[in-house]
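What follows is calculated from the coordinates using simple rules that are stated; it is not laboratory data. This structure is a prediction, so every number in the text was calculated from the model and none was measured. In this analysis, Cβ positions are derived from the backbone assuming ideal geometry, glycine residues included, and neighbour counts consider all displayed protein chains.
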Amino acid sequence: MIQHVPLLIDGEFRQSQSLQWIDVTNPADNSVIAKLPCATEDEIEEAIESAAAAFQTWKEVPVPERARLMLSYQHLLKTHHDELAELLSSETGKIFADAKGDVWRGIEVVEQAANISSLMMGETVENVATNIDTYSMIQPLGVCSGITPFNFPAMIPLWMFPMAIAAGNTFVLKPSDQVPLTAMRLAELFIEAGAPKDVLQIVHGQKEQVDYLLKHPTIRTVSFVGSVPVARHIYQTGTHHLKRVQAFAGAKNHMVVMPDANKAQVINNLVGSSVGAAGQRCMAISVAVLVDGAKEWISDLKEALAKVHPGAWDDTEAGYGPLISPQAKNRVLGLIEEGKAQGAVCELDGSHCEVAGYPDGNWVGPTLFSGVSPEMSIYQEEIFGPVLICVEVDSLEEAIELVNNNPYGNGTSIFTACGAAARKYQHEIQVGQVGINVPIPVPLPFFSFTGWRGSFYGDLHAYGKQAIRFYTETKTVTARWFEDDIPTGPNLTIHLR
Ligand code: NAD
């Protein structure tokens, strides 16, 4: 029987009264696995009101108690790691090992949220004037919100609500309409871990429901992760309605390969970071910038990529799963055709990919282009598929100029044996997350996820110390206590007045 995904409002998993429902599908065969409601305005209003009421008590809960909730939650998530990964695989098609990684990256953020006591510390300066001290404290804001994409159904919701709630806020989450099931299970486990039932609310839907959140006066912050056009819309609409907004957007991540790099390492890392998760990672390497002698490595790269094949989530031989939808597959196939038409050399073409037993899945095989130039659409657009393109340049300077001229700035890496080249690259590159002989340099949660330029709209990034600043307000107190007020000794008589 196909389940109807509930909303989570006021601590209750309840069926929506909506008349508008969306199919949630398994991308390996496009069968319908659930029906998802687009929440009504009344339902969203109720979720926001309930979160606002919950904030009044939750903000007063002692910080160590909030930390203990996160400790219990991370323990429970670990206990349910395999089960969560299997559910995640069913709605994304991710292979099991990769799905486990998605969940694990979220668990690490919950662990960081359990450090909330030290993260909430303020600052003090004694004697800013005679007998006067100034100190700051941080306080939660109120109702925060999050809108998440399809490609990390566990990790990205967990970037958001644990940090916000640990800081004393309450939260309304609108998960991806393509992969809502993992988020619902994360919420069940959160309540099982001891979360007060109304600190996290979940509403479902698409643009209409998101826009309602963006315009609602009670919502204080909006955390968004998704595609570029939607990120721009979210940032512009949210800030127009005077909210604090962080909007993480698309990417085009380059790996610069110097000729002195270890060739075997380069090939292995390029394969894993370009076609892993079917290229549907915002930090996937989608452009290899081959410098000078490294241009000769294309045939080795082709050979290594040709050995990888997609498959079902439980196929342990598969390198990755399907694309999320037939639309996503058609978009990728269209870009592959444009690449050929615009003169790039298609070294390996995954357009006609079949997986035994899954004739209706959204499969695309590993695809490799060489001879790509920056005006081609395969260079300009985020393909978000298992497609690696190679741009050949003659020097490190030329590589840096290419990457800095690209509008995106999420991640990049350089592979080299030369410290000076690596140092020059890390210093001059206009990208927020840099790997040196590391292909996908996603920082662990004690740092923050720091995409730049066209990959991020906002000021304060996800998780780490920046998330705490995003989800709190700073209050500064300046205090003077008069020495005359200090009692001079015990008063042993009855006070007459
Ligand atoms: P998407 O923009 O289509 O959807 C993201 C969320 O926005 C979903 O919850 C969706 O329901 C909602 N949404 C869709 N259209 C909307 C609209 N018009 N108005 C308001 N809300 C709308 O993104 P996606 O396809 O789910 O995710 C893939 C994209 O996310 C890629 O571009 C990828 O690079 C990006 N991404 C970025 C990061 C990062 O950290 N920078 C991380 C993961 C994914």
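Here the relative contact order of the chain, from alpha carbon pairs under 8 Å that lie six or more residues apart, stands at 17 percent.
If you model region 302-383 as an ellipsoid using its alpha carbon gyration tensor, with each semi-axis the square root of five times an eigenvalue, the axes come out at 24, 14, 9 Å, biggest first.
With helices as the sole contributors, the chain gives -11500 deg cm²/dmol at 222 nm; each DSSP H run of n ≥ 4 counts as -39500 (n - 2.57), and the sum is divided by every residue. Here the chain is assigned +1 on the Cβ of each Lys and Arg and -1 on the Cβ of each Asp and Glu. Its dipole about the Cα centre then comes out at about 780 debye. Projecting the Cα atoms of Leu492, Gly319, Ser176 onto the charge dipole of the chain, computed from C-beta unit charges around the Cα centre, puts Leu492 farthest toward the positive end.
The calculated FRET efficiency for Asp42 paired with Asp314, based on their beta-carbon distance and R0 = 35 Å, is about 0.30.
Distance distribution P(r), region 250-362, all Cα-Cα pairs, bin width 10 angstrom from 0: 12, 42, 36, 9, 1 percent. Shape class of region 175-261 from the Cα gyration tensor (axes a ≥ b ≥ c, square roots of the eigenvalues): oblate, since a/c reaches 1.5 or more and a/b does not exceed b/c. Over the Cα atoms of region 1-95, the radius of gyration divided by the Kirkwood radius equals 1.06; this is the Rg/Rh ratio. Sort region 395-441 into rounded, prolate or oblate with this rule: let a ≥ b ≥ c be the square roots of the eigenvalues of the Cα gyration tensor; rounded if a/c is under 1.5, and if a/c is not under 1.5, prolate when a/b is larger than b/c, oblate otherwise. Taking the square roots of the gyration eigenvalues as a ≥ b ≥ c, region 395-441 is oblate. Diffusion coefficient (Stokes-Einstein, Kirkwood radius over C-alpha pairs, 25 °C, 0.890 mPa s) for the chain: 102 µm²/s, rounded to a whole number. Report, as a whole number in µm² per second, the diffusion coefficient that Stokes-Einstein gives for region 363-412 at 4 °C and 1.567 mPa s using the Kirkwood radius over alpha carbon pairs. Once the numbers are plugged in, D ends up at 107 µm²/s. Could you check how many percent of all C-alpha pairs in region 67-106 are farther apart than 12 Å? Pairs farther apart than 12 Å: 55 percent. Against the empirical curve 2.2 N^0.38 Å, the C-alpha radius of gyration of region 93-156 lands at a ratio of 1.84.
Among Lys295, Lys100, sorting on how many other beta-carbon atoms sit within 10 Å of each Cβ, with the fewest leading, yields Lys295, Lys100. The calculated FRET efficiency for the pair Glu428 and Glu375, based on their C-beta separation and a Förster distance of 22 Å, comes to about 0.40. Considering every Cα-Cα pair within region 123-197, what fraction, in whole percent, is farther apart than 21 Å? Taking all Cα-Cα pairs of region 123-197, the fraction more than 21 Å apart is 42 percent. What residues of region 466-488 lie in the reach of a label at Ile132, counting those whose backbone N is under 13 Å from a point 7 Å from the Cα along Cα→Cβ? Zone members listed by number: 477-482. So if we plug the beta-carbon distance of Asn268 and His240 into 1/(1 + (r/R0)^6) with R0 = 35 Å, what FRET efficiency do we get, rounded to 0.05? Efficiency, rounded to the nearest 0.05: 0.15. Taking a point 7 Å from the Cα of Ala417 along the Cα-to-Cβ direction, none of the residues of region 434-454 has its backbone N closer than 13 Å to it. Between region 381-452 and region 136-202, the C-alpha centres lie 31 angstrom from each other.
Residues Arg244, Arg68, arranged from fewest to most other Cβ atoms within 10 angstrom of their Cβ, appear as Arg68, Arg244. Taking only the Cα atoms of region 367-497, the ratio Rg/Rh comes out at 1.42, with Rh defined as the Kirkwood radius. Placing a label point 7 Å from the Cα of Lys475 along the Cα-to-Cβ direction, the residues of region 45-76 whose backbone N falls under 15 Å from that point are 56-63.
Within the straight-line cut-off of under 20 Å between alpha carbons, the lysines reachable from Lys94 are Lys78, Lys307, Lys329, sequence neighbours fewer than 8 places apart in one chain being disregarded.
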